[in-house]
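Following: one structure in C-alpha coordinates, then a few remarks.
The values are calculated or read from the model by the stated rules, or taken from the named source; none is laboratory data. A quick note: this is a predicted structure, and the numbers were derived from the prediction, not measured. A quick note on method: Cβ atoms are made from the backbone with ideal geometry, for glycine too, and the neighbour counts reach across all protein chains shown. For accessibility, only protein heavy atoms count, side chains too; no ligands or nucleic acids. Shrake-Rupley method; radii C 1.70, N 1.55, O 1.52, S 1.80 Å.
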Amino acid sequence: MERSLSMELVRVTEAAALQSARWVGKGLKNEADDAATTAMREVFDTIPMDGVVVIGEGEMDEAPMLYIGEELGTKEGPEIDIAVDPLEGTTLVAEGSWNAMTVLAVGDRGTLLHAPDMYMEKIAVGPECVGVVDISKSVTENLHAVAKAKNKDITNVTATLLNRERHAAIIKEIRAAGARIKLIEHGDVAAAINTAFDFTGVDILFGSGGAPEGVIAAVGIKALGGDFQGILLPEDSEQEERCRNMGIEPNTVLKLDDMVKGDDAIFAATAVTDGELLKGVQFKGGFAETHSLVMRAKSGTVRFIQGRHSLEKKPGLTMAGNETI
(Lines give C-alpha, C1' and ligand atoms only; values in the text may rest on other atoms or scores of the structure.)
Protein backbone atom coordinates (compact mmCIF):
# COMPACT_ATOMS: atom_id res chain seq x y z
CA MET A 1 0.00 0.00 0.00
CA GLU A 2 1.18 3.51 -0.78
CA ARG A 3 1.82 6.03 2.00
CA SER A 4 -0.59 8.52 0.47
CA LEU A 5 -3.45 6.07 1.05
CA SER A 6 -3.49 6.96 4.75
CA MET A 7 -4.55 10.53 4.09
CA GLU A 8 -7.09 9.46 1.49
CA LEU A 9 -8.74 7.21 4.05
CA VAL A 10 -9.05 10.07 6.53
CA ARG A 11 -11.18 11.86 3.95
CA VAL A 12 -13.55 8.89 4.11
CA THR A 13 -13.98 8.92 7.89
CA GLU A 14 -14.20 12.73 7.95
CA ALA A 15 -17.05 12.73 5.43
CA ALA A 16 -18.95 10.08 7.39
CA ALA A 17 -18.44 11.95 10.66
CA LEU A 18 -19.59 15.28 9.24
CA GLN A 19 -22.79 13.78 7.91
CA SER A 20 -23.68 11.70 10.97
CA ALA A 21 -22.86 14.57 13.35
CA ARG A 22 -25.99 16.33 12.08
CA TRP A 23 -28.01 13.72 13.97
CA VAL A 24 -26.31 14.00 17.37
CA GLY A 25 -28.85 13.93 20.17
CA LYS A 26 -31.89 13.66 17.90
CA GLY A 27 -32.82 10.11 18.90
CA LEU A 28 -32.62 8.79 15.34
CA LYS A 29 -29.84 6.22 15.24
CA ASN A 30 -30.82 4.66 11.89
CA GLU A 31 -30.78 8.03 10.17
CA ALA A 32 -27.36 8.78 11.64
CA ASP A 33 -26.02 5.42 10.47
CA ASP A 34 -27.47 5.88 6.98
CA ALA A 35 -25.89 9.32 6.71
CA ALA A 36 -22.45 7.98 7.69
CA THR A 37 -22.71 4.96 5.40
CA THR A 38 -23.76 6.98 2.36
CA ALA A 39 -21.02 9.55 2.84
CA MET A 40 -18.38 6.89 3.38
CA ARG A 41 -19.45 4.99 0.27
CA GLU A 42 -19.34 8.09 -1.95
CA VAL A 43 -15.83 9.12 -0.93
CA PHE A 44 -14.45 5.58 -1.19
CA ASP A 45 -15.12 5.59 -4.92
CA THR A 46 -12.80 8.58 -5.43
CA ILE A 47 -9.77 6.82 -3.95
CA PRO A 48 -7.13 5.23 -6.22
CA MET A 49 -7.36 1.65 -4.97
CA ASP A 50 -8.86 -1.71 -5.82
CA GLY A 51 -10.71 -2.49 -2.61
CA VAL A 52 -13.08 -5.23 -1.48
CA VAL A 53 -15.21 -5.00 1.67
CA VAL A 54 -14.47 -7.96 3.94
CA ILE A 55 -16.21 -6.53 7.02
CA GLY A 56 -19.11 -4.20 6.42
CA GLU A 57 -22.77 -3.49 6.92
CA GLY A 58 -23.84 -7.08 6.25
CA GLU A 59 -24.24 -9.55 3.41
CA MET A 60 -25.19 -8.31 -0.06
CA ASP A 61 -28.89 -8.97 0.48
CA GLU A 62 -28.84 -7.26 3.89
CA ALA A 63 -27.22 -3.91 3.06
CA PRO A 64 -27.60 -1.53 0.11
CA MET A 65 -24.00 -0.38 0.32
CA LEU A 66 -20.71 -1.24 2.02
CA TYR A 67 -21.86 -4.85 2.00
CA ILE A 68 -19.43 -7.74 2.27
CA GLY A 69 -17.89 -8.38 -1.13
CA GLU A 70 -18.61 -4.92 -2.52
CA GLU A 71 -15.81 -3.48 -4.66
CA LEU A 72 -14.67 0.05 -3.88
CA GLY A 73 -12.24 2.54 -5.35
CA THR A 74 -11.16 3.56 -8.84
CA LYS A 75 -9.48 0.16 -9.51
CA GLU A 76 -6.23 2.05 -10.15
CA GLY A 77 -4.16 1.28 -7.12
CA PRO A 78 -3.27 -1.32 -4.52
CA GLU A 79 -5.46 -4.39 -4.02
CA ILE A 80 -6.74 -4.15 -0.46
CA ASP A 81 -9.16 -5.61 2.05
CA ILE A 82 -11.49 -3.08 3.67
CA ALA A 83 -13.18 -3.35 7.07
CA VAL A 84 -15.66 -0.61 7.93
CA ASP A 85 -17.89 0.51 10.74
CA PRO A 86 -19.41 3.66 9.23
CA LEU A 87 -20.72 4.72 12.63
CA GLU A 88 -19.45 2.93 15.70
CA GLY A 89 -21.97 3.93 18.30
CA THR A 90 -25.24 4.69 16.53
CA THR A 91 -27.00 4.82 19.90
CA LEU A 92 -24.29 7.13 21.21
CA VAL A 93 -25.02 9.59 18.41
CA ALA A 94 -28.77 9.32 18.93
CA GLU A 95 -28.31 10.07 22.63
CA GLY A 96 -25.53 12.61 22.21
CA SER A 97 -23.21 10.45 24.33
CA TRP A 98 -19.43 10.06 24.30
CA ASN A 99 -17.11 8.07 22.03
CA ALA A 100 -19.07 7.74 18.78
CA MET A 101 -16.77 7.62 15.78
CA THR A 102 -16.54 6.63 12.14
CA VAL A 103 -13.99 3.87 11.65
CA LEU A 104 -12.28 1.87 8.94
CA ALA A 105 -9.28 -0.39 8.54
CA VAL A 106 -7.50 -1.67 5.45
CA GLY A 107 -4.83 -4.24 4.69
CA ASP A 108 -3.29 -5.83 1.63
CA ARG A 109 -5.62 -8.25 -0.13
CA GLY A 110 -6.09 -11.44 1.89
CA THR A 111 -4.62 -10.11 5.14
CA LEU A 112 -7.71 -9.25 7.22
CA LEU A 113 -9.75 -11.92 8.94
CA HIS A 114 -13.26 -12.14 7.44
CA ALA A 115 -14.82 -12.26 10.88
CA PRO A 116 -18.40 -13.55 10.94
CA ASP A 117 -21.12 -11.53 12.64
CA MET A 118 -21.00 -13.10 16.08
CA TYR A 119 -19.59 -12.38 19.51
CA MET A 120 -15.86 -12.43 20.21
CA GLU A 121 -14.20 -12.56 23.62
CA LYS A 122 -11.48 -9.89 23.59
CA ILE A 123 -8.46 -8.66 25.46
CA ALA A 124 -6.45 -5.61 24.39
CA VAL A 125 -3.43 -3.82 25.82
CA GLY A 126 -0.90 -1.22 24.74
CA PRO A 127 2.78 -1.61 23.80
CA GLU A 128 4.08 -1.87 27.38
CA CYS A 129 2.08 -5.05 27.91
CA VAL A 130 2.90 -7.00 24.76
CA GLY A 131 3.63 -10.61 25.61
CA VAL A 132 2.41 -10.42 29.19
CA VAL A 133 -1.34 -10.98 28.81
CA ASP A 134 -3.10 -14.16 27.76
CA ILE A 135 -6.83 -14.39 27.07
CA SER A 136 -6.74 -18.02 28.24
CA LYS A 137 -5.68 -16.94 31.75
CA SER A 138 -7.91 -15.49 34.44
CA VAL A 139 -8.86 -11.84 34.66
CA THR A 140 -6.92 -11.57 37.91
CA GLU A 141 -3.73 -13.01 36.39
CA ASN A 142 -3.92 -10.58 33.48
CA LEU A 143 -4.51 -7.61 35.77
CA HIS A 144 -1.44 -8.48 37.84
CA ALA A 145 0.60 -8.94 34.64
CA VAL A 146 -0.42 -5.49 33.42
CA ALA A 147 0.33 -3.92 36.78
CA LYS A 148 3.83 -5.42 36.78
CA ALA A 149 4.52 -4.43 33.16
CA LYS A 150 3.42 -0.83 33.75
CA ASN A 151 5.08 -0.58 37.18
CA LYS A 152 1.76 0.15 38.86
CA ASP A 153 0.05 -1.05 41.96
CA ILE A 154 -2.94 -3.13 40.88
CA THR A 155 -5.23 -0.62 42.61
CA ASN A 156 -4.14 1.90 39.96
CA VAL A 157 -4.83 -0.36 36.97
CA THR A 158 -7.97 0.56 35.04
CA ALA A 159 -9.88 -2.04 33.04
CA THR A 160 -12.62 -1.16 30.57
CA LEU A 161 -15.47 -3.28 29.23
CA LEU A 162 -18.99 -3.02 27.96
CA ASN A 163 -21.62 -2.59 30.67
CA ARG A 164 -23.53 -5.81 29.98
CA GLU A 165 -25.12 -8.44 32.19
CA ARG A 166 -22.96 -11.10 30.54
CA HIS A 167 -19.91 -9.39 32.05
CA ALA A 168 -21.08 -9.59 35.67
CA ALA A 169 -18.51 -12.25 36.60
CA ILE A 170 -15.65 -10.28 35.00
CA ILE A 171 -16.68 -7.10 36.80
CA LYS A 172 -16.84 -8.98 40.11
CA GLU A 173 -13.36 -10.43 39.58
CA ILE A 174 -11.84 -7.07 38.63
CA ARG A 175 -13.23 -5.52 41.79
CA ALA A 176 -12.06 -8.43 43.92
CA ALA A 177 -8.55 -8.00 42.52
CA GLY A 178 -8.61 -4.36 43.60
CA ALA A 179 -8.39 -2.80 40.13
CA ARG A 180 -10.44 0.09 38.81
CA ILE A 181 -13.20 -0.24 36.20
CA LYS A 182 -14.48 2.01 33.45
CA LEU A 183 -17.76 0.68 32.11
CA ILE A 184 -18.87 1.76 28.64
CA GLU A 185 -22.30 1.47 27.07
CA HIS A 186 -21.19 1.10 23.45
CA GLY A 187 -18.08 1.40 21.26
CA ASP A 188 -15.48 -1.21 22.14
CA VAL A 189 -13.29 -0.31 19.12
CA ALA A 190 -12.51 3.04 20.73
CA ALA A 191 -12.12 1.33 24.11
CA ALA A 192 -9.56 -1.12 22.72
CA ILE A 193 -7.55 1.65 21.04
CA ASN A 194 -7.60 3.69 24.24
CA THR A 195 -5.48 1.05 25.99
CA ALA A 196 -2.49 2.11 23.88
CA PHE A 197 -2.61 5.79 24.91
CA ASP A 198 -1.60 6.67 28.47
CA PHE A 199 -3.58 9.91 28.55
CA THR A 200 -6.88 8.00 28.25
CA GLY A 201 -6.26 6.38 31.64
CA VAL A 202 -7.22 2.91 30.37
CA ASP A 203 -4.84 -0.05 30.76
CA ILE A 204 -6.69 -3.14 29.50
CA LEU A 205 -9.89 -4.15 27.72
CA PHE A 206 -11.85 -7.25 28.72
CA GLY A 207 -15.14 -8.80 27.67
CA SER A 208 -17.08 -9.83 24.60
CA GLY A 209 -18.35 -7.73 21.72
CA GLY A 210 -18.83 -7.98 17.99
CA ALA A 211 -16.24 -10.01 16.10
CA PRO A 212 -16.14 -7.63 13.09
CA GLU A 213 -15.38 -4.74 15.44
CA GLY A 214 -12.68 -6.92 16.97
CA VAL A 215 -10.81 -7.16 13.68
CA ILE A 216 -11.04 -3.40 13.13
CA ALA A 217 -9.68 -2.79 16.62
CA ALA A 218 -6.91 -5.33 16.01
CA VAL A 219 -5.68 -3.29 13.04
CA GLY A 220 -5.42 -0.21 15.22
CA ILE A 221 -3.69 -2.11 18.01
CA LYS A 222 -1.21 -3.59 15.52
CA ALA A 223 -0.36 -0.12 14.22
CA LEU A 224 0.19 1.03 17.81
CA GLY A 225 2.43 -1.90 18.69
CA GLY A 226 0.06 -3.32 21.28
CA ASP A 227 -1.53 -6.73 21.67
CA PHE A 228 -5.02 -8.00 20.90
CA GLN A 229 -6.38 -11.52 21.31
CA GLY A 230 -9.83 -12.90 20.59
CA ILE A 231 -11.97 -16.02 20.77
CA LEU A 232 -15.02 -16.40 18.53
CA LEU A 233 -18.10 -17.34 20.53
CA PRO A 234 -20.66 -19.06 18.27
CA GLU A 235 -24.11 -19.29 19.82
CA ASP A 236 -25.49 -22.19 17.78
CA SER A 237 -24.50 -24.94 15.35
CA GLU A 238 -24.97 -22.64 12.35
CA GLN A 239 -22.46 -20.15 13.71
CA GLU A 240 -20.08 -22.97 14.57
CA GLU A 241 -20.25 -24.14 10.97
CA ARG A 242 -19.51 -20.61 9.75
CA CYS A 243 -16.34 -20.62 11.85
CA ARG A 244 -15.21 -23.95 10.47
CA ASN A 245 -15.91 -22.83 6.91
CA MET A 246 -13.46 -20.01 7.56
CA GLY A 247 -10.87 -22.49 8.80
CA ILE A 248 -11.33 -21.46 12.44
CA GLU A 249 -12.17 -23.96 15.12
CA PRO A 250 -14.71 -22.38 17.49
CA ASN A 251 -13.48 -21.27 20.91
CA THR A 252 -9.81 -21.25 19.88
CA VAL A 253 -7.55 -18.27 20.57
CA LEU A 254 -6.95 -15.88 17.68
CA LYS A 255 -3.73 -13.92 18.05
CA LEU A 256 -3.12 -10.50 16.55
CA ASP A 257 -1.35 -11.95 13.51
CA ASP A 258 -4.27 -14.31 12.91
CA MET A 259 -6.61 -11.35 12.54
CA VAL A 260 -4.22 -9.01 10.74
CA LYS A 261 -1.65 -10.88 8.68
CA GLY A 262 1.47 -9.29 7.23
CA ASP A 263 3.30 -6.20 8.40
CA ASP A 264 1.15 -3.48 6.87
CA ALA A 265 -2.33 -2.22 7.69
CA ILE A 266 -3.96 1.18 8.14
CA PHE A 267 -6.52 2.30 10.72
CA ALA A 268 -8.45 5.56 10.43
CA ALA A 269 -11.14 7.10 12.63
CA THR A 270 -12.89 10.44 13.02
CA ALA A 271 -14.80 11.33 16.17
CA VAL A 272 -18.47 12.22 15.88
CA THR A 273 -18.94 12.97 19.58
CA ASP A 274 -16.28 13.78 22.17
CA GLY A 275 -14.24 10.98 23.68
CA GLU A 276 -11.05 10.37 25.66
CA LEU A 277 -9.00 10.15 22.48
CA LEU A 278 -10.59 12.61 20.05
CA LYS A 279 -12.86 15.64 20.10
CA GLY A 280 -16.14 15.30 18.22
CA VAL A 281 -17.38 17.29 15.23
CA GLN A 282 -18.00 20.94 16.02
CA PHE A 283 -20.09 23.20 13.78
CA LYS A 284 -18.95 26.82 13.92
CA GLY A 285 -20.98 29.01 11.61
CA GLY A 286 -19.56 28.64 8.12
CA PHE A 287 -17.22 25.75 8.88
CA ALA A 288 -16.95 22.53 10.83
CA GLU A 289 -13.99 21.06 12.71
CA THR A 290 -13.13 17.37 12.79
CA HIS A 291 -10.55 15.46 14.80
CA SER A 292 -9.18 12.25 13.32
CA LEU A 293 -6.61 9.57 13.97
CA VAL A 294 -4.78 7.59 11.29
CA MET A 295 -2.12 4.95 11.94
CA ARG A 296 -0.03 2.67 9.75
CA ALA A 297 1.41 -0.59 11.04
CA LYS A 298 4.35 -0.78 8.63
CA SER A 299 5.86 2.55 9.68
CA GLY A 300 4.37 2.79 13.18
CA THR A 301 3.32 6.36 12.37
CA VAL A 302 0.41 7.78 14.36
CA ARG A 303 -1.15 11.03 13.18
CA PHE A 304 -3.75 13.16 14.92
CA ILE A 305 -5.40 15.35 12.31
CA GLN A 306 -7.55 18.41 12.90
CA GLY A 307 -9.60 19.35 9.87
CA ARG A 308 -11.48 22.55 9.08
CA HIS A 309 -14.22 22.12 6.50
CA SER A 310 -16.00 24.95 4.70
CA LEU A 311 -19.71 24.16 4.76
CA GLU A 312 -20.28 26.53 1.85
CA LYS A 313 -17.80 24.69 -0.39
CA LYS A 314 -18.97 21.19 0.47
CA PRO A 315 -22.24 20.81 -1.44
CA GLY A 316 -22.61 17.24 -0.23
CA LEU A 317 -22.87 18.29 3.41
CA THR A 318 -26.55 18.68 4.21
CA MET A 319 -28.72 19.58 7.12
CA ALA A 320 -31.10 17.08 8.64
CA GLY A 321 -34.09 17.12 6.34
CA ASN A 322 -31.88 17.40 3.23
CA GLU A 323 -31.60 21.19 3.27
CA THR A 324 -28.29 21.86 1.51
CA ILE A 325 -25.95 24.24 3.25
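Observations
- Distance in nm between pseudo-label sites at Thr74 and Lys137 (7 Å out along the Cβ direction from Cα): 5.0 nm
- Furthest towards positive pole of dipole, Val139, His114, Pro86, structure part segment 4-154, Cβ charges: Val139
- Stretching Phe283 away from Lys152 to a fully extended chain increases their span by 43.1 nm, per 0.36 nm per residue minus the current alpha-carbon distance.
- Segment 208-251: proportion of alpha-carbon pairs further apart than 11 angstrom, %: 68 percent
- The mean of 1/r over all pairs of different alpha-carbon atoms in segment 151-240, once inverted, gives a Kirkwood hydrodynamic radius of 13.9 Å.
- Kirkwood Rh and Cα Rg combined as Rg/Rh, the chain: 0.96
- Under the combined filter of DSSP loop state and at most 12 neighbouring Cβ atoms within 10 Å, segment 41-93 retains these GluC sites (Glu not before Pro): Glu59, Glu62, Glu76.
- Whole-number accessible area per residue in Å² for segment 77-210, which is evaluated in the context of all protein chains at 1.4 Å: 39 Å²
- Karplus-based coupling profile of segment 32-41, in residue order and whole Hz: 5, 5, 4, 4, 5, 5, 5, 5, 4, 4, with θ = phi - 60° in 6.51 cos²θ - 1.76 cosθ + 1.60 and x standing for Gly or Pro.
- Using 0.36 nm per residue and subtracting the Cα-Cα separation, the extra length available between Ala169 and Arg244 on full extension is 24.1 nm.
- Put a plus charge on the Cβ of each Lys and Arg, a minus charge on the Cβ of each Asp and Glu, and nothing anywhere else: the dipole of segment 119-274 about its Cα centre is then about 520 debye.
- Under-19-angstrom lysine pairs by C-alpha in segment 117-213, whenever the two are 8 or more apart or on separate chains: 9
- Near the amide H of Phe287, within less than 5 Å, lie the amide hydrogens of Leu311, all on another chain or at least 5 residues away, with H placed in the peptide plane.
- Proximal lysines relative to Lys284, as straight alpha-carbon distance under 16 Å, when same-chain residues fewer than 8 apart are discounted: Lys313, Lys314
- Gained length - Val302 relative to Asp236, 0.36 nm times residue gap less alpha-carbon distance: 19.8 nm
- Pair Lys26, Tyr67: separation of 7 Å Cα→Cβ label points (nm): 2.6 nm
- Rg over Rh for segment 123-272 works out to 0.96, both radii taken from alpha-carbon positions and Rh defined as the Kirkwood radius.
- Convex hull projection area averaged over all views, segment 1-106, Cα basis, nm²: 6.0 nm²
- Per-peptide packing, taken as the mean over residues of other Cβ atoms within 10 Å, places 164-175, 193-204, 21-32 in the sequence 193-204, 21-32, 164-175 from highest down.
- If the Kirkwood radius is taken over C-alpha pairs of segment 227-320, then at 4 °C and 1.567 mPa s the Stokes-Einstein diffusion coefficient equals 76 µm²/s.
- Of all DSSP-defined beta bridges confined to the chain, some 80% are antiparallel rather than parallel.
- Rounded to the nearest 20 debye, dipole of the chain from Cβ charges on Lys, Arg, Asp, Glu: 1420 debye
- Pairs of alpha carbons in segment 122-192 whose separation is greater than 18 Å (percent): 35 percent
- Placing R0 at 45 angstrom, the Cβ-Cβ distance between Ile181 and Lys313 gives a FRET efficiency of 0.50 after rounding to 0.05.
- Net +/- balance of residues flanking Val103 in space, Cβ distance below 9 Å, scoring K and R +1, D and E -1: -3
- Average projection, convex hull of the Cα set of segment 82-181: 8.3 square nanometres.
- Cα centroid separation, segment 119-178 to segment 186-238 (Å): 12 Å
- Carbon plus sulfur fraction of accessible area for the chain, probe 1.4 Å, in percent: 46 percent
- Using θ = phi - 60° and Karplus 6.51 cos²θ - 1.76 cosθ + 1.60, couplings along segment 221-226 (whole Hz; Gly, Pro as x): 5, 5, 5, 8, x, x
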